[in-house]
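Beneath this line is the structure, given in structure tokens, with notes to follow.
The values are calculated or read from the model by the stated rules, or taken from the named source; none is laboratory data. Because the structure is a prediction, the values reported are computed rather than measured. A quick note on method: Cβ atoms are made from the backbone with ideal geometry, for glycine too, and the neighbour counts reach across all protein chains shown.
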Amino acid sequence: MIDLAAFGWTAEQDQQFRQLENLDPLWIPGRVRGHNRLYYLLFTAQGDMTATLAGRLRHHAGGVQDLPVVGDFVAVRPAIGQETKAMVEALLPRNGAFSRADGDLTRASGAAAQQIIAANIDTVFIVSSADADFSARRLERLLAAAWASNATPALIITKIDLVEDPALLLAEVAAQTAGIAVFPVSNKTGAGIDAIRAAIGPGQTALLVGSSGVGKSSLTNQLLGLERQRVNAMNDQGRGQHTTTARDLFLLPTGGLLLDTPGVRVITPWFTDGLEATFTDIDDLALACKFHDCGHQSEPGCAVRAALEDGTIAAARYQGYLKLRRELSIVDRKGDKRAEAAQKRALRTRTKAKNRQQKITLD
Ligand SMILES: Nc1nc2c(ncn2[C@@H]2O[C@H](COP(=O)(O)OP(=O)(O)O)[C@@H](O)[C@H]2O)c(=O)[nH]1
Ligand SMILES: [Mg+2]
Ligand SMILES: [Zn+2]
């Protein structure tokens with residue numbers, strides 16, 4: 001029997017599972033390990049399985065947000081007589097989802113869609129490399145998305161073997177990271193790997209995001225203690241199926257789960273409530289603004305502008321804040337529009353179905 005807690009399942013999921021509508025005694029708990037267009041890979045109480053979505057799940061989906069993604073907790077119906085095949089029957093409520101807004105966010109008109117990178121993440125590790133320019137602006141956006149996803153963000157600086165004075169670099173970086181934990185590592189020498197391992201507790205789920213080439217996959221291999229290829233071969237348990245997807249949630253040998261991503265760079269978060277947590281300095285200063293709804297631009301008695309003028313807040317950080325805030329308000333408006341459109345669509349479908357029914361009765 002497999003310990004459900006090992007793949008992040010807690011008493012909360014237990015309760016949600018038992019409260020599922022149409023709960024069938026044959027359903028078992030599962031978690032999405034990865035997926036592609038054709039199938040889902042699952043951790044389940046009865047081992048790894050390959051699954052498809054039940055038609056009910058697919059057809060009742062109001063949008064991408066209703067379909068399971070990597071990290072989701074699900075109810076699974078194992079296929080009878082095929083121990084590694086299954087059907088995903090239901091999606092459990094999410095604790096949060098690391099999501100970006102996809103679309104043109106420079107204009108208030110164009111469409112934007114939610115792109116979910118992963119669900120139910122405990123720690124988002126933002127990965128940056130010591131040999132490339134550290135971008136505080138990029139970090140702010142990833143931080144905002146991480147806070148809004150209900151995860152705790154942390155920063156990993158890789159390739160510290162390539163710089164002469166890592167301490168100097170870290171001091172520079174720390175000044176721009178608003179108090180989050182910073183982990184310096186080298187995938188070459190193994191320095192700092194243990195600290196990251198220790199930061200991902202048993203049953204905890206960690207996500208790696210950052211530009212391509214910074215060393216996310218090398219770090220994944222380090223944490224797994226294996227080359228990824230071999231890891232996949234092991235997960236097959238000798239069944240000869242080479243089942244992997246682009247984004248795969250890995251069980252770490254020390255407990256905990258890790259998701260590597262191919263390259264998440266500059267983003268606009270889909271969930272818009274991570275701004276305050278990202279800019280706590282600005283948020284704190286705002287308490288001293290003359291107007292409680294101060295926009296920190298041209299209002300009189302603005303404490304944020306005063307801090308900008310006396311150099312307490314860097315101009316680039318202030319500009320980054322305004323730009324992100326503007327985009328988030330656009331995403332918010334588009335989000336509302338989308339929900340409205342979905343409602344109208346549902347109403348139309350219901351009306352059509354009703355008309356059809358009436359027609360049938362009349363016939
Ligand atoms: N010197 C050094 N090279 C590294 C380190 N981590 C990764 N690399 C190299 O950086 C390149 C990109 O690494 P990869 O893990 O594929 O990056 P990803 O795109 O973020 O997954 C590879 O050539 C790695 O060997 C490190 O800590 N030190
Ligand atoms: Mg990679
Ligand atoms: Zn102000």
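Would you be able to say whether some residue in the stretch 65-86 is part of a helix (DSSP H, G or I) and not acidic (Asp, Glu)?
As a first pass, look at the stretch 65-86 and keep what is part of a helix (DSSP H, G or I): 65-66.
Next, only the ones that are not acidic (Asp, Glu) stay: 65.
Yes, some residue in the stretch 65-86 is part of a helix (DSSP H, G or I) and not acidic (Asp, Glu).
Quick one: is residue 30 more than 21 Å from the chain's Cα centre (by Cα) and not aliphatic (A, V, I, L, M)?
Working: more than 21 Å from the chain's Cα centre (by Cα): no; not aliphatic (A, V, I, L, M): yes.
Criteria not met by residue 30.
Could we say that residue 220 is outside any loop (DSSP other than H, G, I, E, B), modelled with pLDDT of 80 or more and out of contact with any helix residue (DSSP H, G or I) (no Cβ under 6 Å at 6 or more places or on another chain) here?
yes
Are any residues in the stretch 69-88 free of Cβ contacts under 8 Å to residues at least 40 places away in the same chain and either under 23 Å from residue 15 (Cα atoms) or buried (at least 23 other Cβ atoms within 10 Å of the Cβ) (or both), and if so, which ones?
Taking the stretch 69-88 and keeping what is free of Cβ contacts under 8 Å to residues at least 40 places away in the same chain, we get 79-83, 85, 87.
Passing the criteria: only 87.
Take the residues of the stretch 287-306 that are among the hydrophobic types (A, V, I, L, M, F, W, C) and either closer than 19 Å to residue 179 by Cα or assigned to a loop (DSSP other than H, G, I, E, B) (or both): which is farthest from ligand 1 (Cβ to nearest atom)? Talk me through it step by step, then tell me what you get.
Within the stretch 287-306, the subset among the hydrophobic types (A, V, I, L, M, F, W, C) is 287-289, 291, 294, 302-304, 306.
Those still in the list that are either closer than 19 Å to residue 179 by Cα or assigned to a loop (DSSP other than H, G, I, E, B) (or both) too: 287-289, 291, 294, 302.
On the way: 287: 39, 288: 41, 289: 41, 291: 44, 294: 40, 302: 40 Å.
That would be 291.
If we keep just the residues of the stretch 252-277 that are more than 16 Å from ligand 1 (Cβ to nearest atom) and under 18 Å from residue 69 (Cβ atoms), which is farthest from the chain's Cα centre (by Cα)?
The initial filter retains those residues of the stretch 252-277 that are more than 16 Å from ligand 1 (Cβ to nearest atom), namely 252-257, 268-277.
Pick out the ones that are also under 18 Å from residue 69 (Cβ atoms) and you get 257, 269-271.
Numbers: 257: 13, 269: 10, 270: 11, 271: 11 Å.
Of everything passing the filter in the stretch 252-277, 257 is farthest from the chain's Cα centre (by Cα).
Residues in the stretch 208-219: is at least one more than 9 Å from ligand 1 (Cβ to nearest atom) and crowded, with 22+ Cβ neighbours inside 10 Å?
As a first pass, look at the stretch 208-219 and keep what is more than 9 Å from ligand 1 (Cβ to nearest atom): 209.
From the residues that got through so far, the ones that are crowded, with 22+ Cβ neighbours inside 10 Å too are 209.
Yes, that holds for at least one residue.
Quickly run through the stretch 224-275 and pick out the residues that are outside any loop (DSSP other than H, G, I, E, B), at pLDDT 80 or above and more than 16 Å from ligand 3 (Cβ to nearest atom). Break it down into steps so the answer makes sense when it comes.
Keep residues of the stretch 224-275 that are outside any loop (DSSP other than H, G, I, E, B), which gives 224, 228-235, 249-251, 257-260, 269, 275.
Cutting the leftovers down to at pLDDT 80 or above gives us 224, 249-251, 257-260, 269, 275.
224, 249, 250, 251, 257, 258, 259, 260, 269 - these are the residues of the stretch 224-275 that are outside any loop (DSSP other than H, G, I, E, B), at pLDDT 80 or above and more than 16 Å from ligand 3 (Cβ to nearest atom).
Results for (1) more than 21 Å from residue 34 (Cβ to Cβ); (2) in a loop (DSSP other than H, G, I, E, B); (3) not hydrophobic (A, V, I, L, M, F, W, C); (4) not assigned by TED's automatic domain parsing to the domain that holds residue 35, shown as yes or no for each residue.
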| position | (1), (2), (3), (4) |
| --- | --- |
| 117 | no, no, no, yes |
| 127 | no, no, no, yes |
| 154 | yes, no, no, yes |
| 191 | yes, yes, no, yes |
| 198 | yes, no, no, yes |
| 208 | no, no, no, yes |
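Which of the numbered conditions does residue 48 fail, given that it passes all the others? Conditions: (1) crowded, with 17+ Cβ neighbours inside 10 Å; (2) in contact with a Pro (Cβ under 8 Å, 6 or more places away or on another chain).
It fails just one condition, (2).
Do we have any residue at all in the stretch 131-139 that's assigned to a helix (DSSP H, G or I) and under 17 Å from the mean Cα position of the chain (by Cα)?
At the first step, the residues of the stretch 131-139 found to be assigned to a helix (DSSP H, G or I) are 136-139.
Checking the rest, the ones that are also under 17 Å from the mean Cα position of the chain (by Cα) come to 138-139.
For the stretch 131-139, residues assigned to a helix (DSSP H, G or I) and under 17 Å from the mean Cα position of the chain (by Cα): present.
So, in the stretch 25-56, exactly how many residues are aromatic (Phe, Trp, Tyr) and assigned to a strand (DSSP E or B)? Explain how you work it out, then say what you get.
In the first step, residues of the stretch 25-56 are kept if they are aromatic (Phe, Trp, Tyr); the result is 27, 39-40, 43.
Pick out the ones that are also assigned to a strand (DSSP E or B) and you get 40, 43.
Qualifying residue count for the region: 2.
Which of (1) in contact with a Leu (Cβ under 6 Å, 6 or more places away or on another chain); (2) at pLDDT 95 or above; (3) not aromatic (Phe, Trp, Tyr) does residue 327 not meet, given it meets every other one?
(2)
Does any residue in the stretch 130-155 that is of a type in the set (Asp, Glu) come within less than 6 Å, Cβ to Cβ, of a residue that is away from ligand 2 (no atom under 16 Å from the Cβ) six or more places away or on a different chain, and which pairs are these?
Sorted first by the residue in the stretch 130-155, then by its partner, the pairs are 131/162; 140/278; 140/320.
What pairs can you find where one residue is in the stretch 207-227 and within 21 Å of residue 8 (Cα to Cα) and near ligand 2 (Cβ under 8 Å from one of its atoms), the other is modelled with pLDDT under 90 and in a helix (DSSP H, G or I), and their Cβ atoms are less than 7 Å apart, with a gap of 6+ or different chains?
220/228
Give me the residue from the stretch 269-293 that is among the polar types (S, T, N, Q) and farther than 14 Å from residue 307 by Cα and, out of that set, surrounded by the fewest Cβ atoms within 10 Å (Cβ to Cβ).
From the stretch 269-293, those among the polar types (S, T, N, Q) are 272, 278, 280; that's our starting set.
Adding the requirement that they be farther than 14 Å from residue 307 by Cα leaves 272, 278.
Details: 272: 20, 278: 26.
Taking the candidates together, the pick is 272.
Has the stretch 175-188 got at least one residue that is in contact with a Pro (Cβ under 9 Å, 6 or more places away or on another chain) and charged (D, E, K, R)?
Within the stretch 175-188, none of the residues are in contact with a Pro (Cβ under 9 Å, 6 or more places away or on another chain) and charged (D, E, K, R).
Can you name the condition, by its number, that residue 158 falls short on among (1) farther than 23 Å from residue 119 by Cβ; (2) surrounded by fewer than 19 Cβ atoms within 10 Å (Cβ to Cβ); (3) touching a Gly at 6+ places or on another chain (Cβ under 6 Å)?
Only one criterion in (1) farther than 23 Å from residue 119 by Cβ; (2) surrounded by fewer than 19 Cβ atoms within 10 Å (Cβ to Cβ); (3) touching a Gly at 6+ places or on another chain (Cβ under 6 Å) is unmet by residue 158, namely (2).
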